[in-house]
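Report on the structure given below.
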Amino acid sequence: VFMSHFILRVIPITNLGIRPPIMNGPMHPRPLVALLDGRDCTVEMPILKDVATVAFCDAQSTQEIHEKVLNEAVGALMYHTITLMREDLEKFKALRIIVRIGSGFDNIDIKSAGDLGIAVCNMPAASVEETADSTMCHILNLYRRTTWLHQALREGTRVQSVEQIREVASGAARIRGETLGIIGLGRVGQAVALRAKAFGFNVIFYDPYLSDGLETCSSTATASPYTAASTSTTTISSTTSPSNRCRLQRLWPRL
């Protein structure tokens, strides 16, 4: 049940030399699974209650993790607020698998995990819809200046004449026909593109990792990174890996 619910992608183990293989025979009846950097286990507990003991650590680093977890946990769940480098991974004595609740592995040394015989998994589809919704809200706010108008009303501004509307809404722009640039057309980028097109945006994107033809099925146009980054509005939907960060810094040196 644990595997089918959480694991969407597995990084293969490269070397089992340090973590001994699991031998045939009975395992501990209640293996320990720990949520490292959170407190809310309401999703995990009902799923794992018959097969594992679920604990939470609410830690920001491995120095804050209880010794029992470091010695006995066979599975670790984690978000993005804790980092596991080799020296951190070596503190776990029984760990077999890490599940990153979210996309990307920016905060896990996956090579060292493989060397130590620890499988690393992630959930690439986690929060895609919510992230795309929030991204679209920010874009709409930039064009329609909703936050600024709301603040003006809170401060007592009263709008009656056309001239007053024009003054208060200064900077607001029509969306239809505008061009939105998307850097990274993964799951979130595609979800943002669909929403943007519904509002009338022309959507262009740059993503060096995508296969040819995706722009046809998603009704978007591919572009050079400099073109995508020079549109009136650009959204970045990529991980913060070192290679991606270098690409982004070439586009925006002050980023």
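The values are calculated or read from the model by the stated rules, or taken from the named source; none is laboratory data. On a predicted model such as this, the values are computed, not experimentally measured, just so you know. All Cβ positions, glycine included, derive from the backbone under ideal geometry; neighbour counts span all protein chains shown.
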The stretch 159-177 residues that are without any contact (Cβ under 8 Å) to a residue 24 or more places away in the chain, paired with ones that are loosely packed, with under 10 Cβ neighbours inside 10 Å (beta carbon under 6 Å, 6 or more apart): none
Exclusive hit being among the hydrophobic types (A, V, I, L, M, F, W, C), surrounded by fewer than 18 Cβ atoms within 10 Å (Cβ to Cβ) and more than 26 Å from F199 (Cβ to Cβ), set A125, A94: A94
Helices (runs of 4 or more DSSP H) enclosed by the stretch 106-214 - at least 3 residues per element that are of a type in the set (G, A, S) and assigned by TED's automatic domain parsing to the domain that holds L89: 110-115
Unique residue being assigned to a strand (DSSP E or B), in contact with a Cys (Cβ under 8 Å, 6 or more places away or on another chain), outside the structural domain of G186 (by TED's automatic domain parsing) and surrounded by 15 or more Cβ atoms within 10 Å (Cβ to Cβ) when the list is V54, V69, V74: V54
